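Working notes for the structure below.
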Amino acid sequence: MSIHKTKYKVCATLGENLWSLPKVSRFKKKKWLKLNKMGFQQCCLEEAKNPVHLQPSVFLYKNRLKAKQKLKKFYGNITEKTFRSLYKKSILKDNFVGLLESRLDSIVLRMNFAPTPFAARQMISHGMFLVNGKSVSIKGTLLKSGDCIEVSDKAWFGLCNSIEARFTKEDFIRPVPNYLEVNYSLLKGIFLYEPKLTEVPYSSPINIDLVKEFYK
């Protein structure tokens, strides 16, 4: 299944437009026509089982699983192995969200160099970015405070034109969070520090406590 189709399927499963993508709301295929007409949340509620018929433990597990899946898919549907590994690494410092936001693909997305996490991961795989002057093609590279991210010379003009075209659209306006600093004239950015949950601008509410409970 292509990434293009996966985005719509993820939003339909979760019952919301996870990345606030205009294309998701305008999707016209018959399979998603009901979602477009009724709205994501309403349709999701109608198709769900009646919570009364579920045992308390089952209902709680379902909520924890959905919270975990939602957070995992927000970051481009990273693998379960990677997601669980980051959680274990964060236990001592309680900085799970901070580690997720420290990933190179997350930073490229937050800097508006890419419109979606899927695009960010593809661009990194193609070697379009440098970290502290060195080419990096590993999407999940964890950055440290003060690391500099810039566009490679071979990708500079193409990405510059793409960003300029996207800036003319209203749906591209996405404020850069405080833990990042971006210079769009040079296509460079600096990762200032590892953020806390309250500093991360999620487009949809994230219940990190349910995610932690899922892995306990």
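Observations
- Counting beta carbons within 10 Å around each of Leu210, Leu71 and listing the fewest first gives the order Leu210, Leu71.
- Viscosity 1.306 mPa s, temperature 10 °C, Stokes-Einstein D of segment 104-198 from Kirkwood C-alpha radius, µm²/s: 119 µm²/s
- Long pairs among Lys7/Lys66; Lys72/Lys212; Lys9/Lys196, criterion Cα-Cα beyond 21 Å: Lys9/Lys196
- Relative packing of 178-184, 163-169, which averages over residues the other C-beta atoms within 10 Å, highest first: 178-184, 163-169
- In terms of packing, defined here as the mean over residues of other Cβ atoms within 10 angstrom, the peptides 109-122, 79-92 line up highest first as 109-122, 79-92.
The numbers here are math on the coordinates, done by the rules we state, and not lab data. Only a predicted model underlies this, so the values are computations on that prediction, with no experimental measurement involved. Note that each Cβ is placed from the backbone with ideal geometry, even for glycine, and that neighbours are counted across all protein chains shown.
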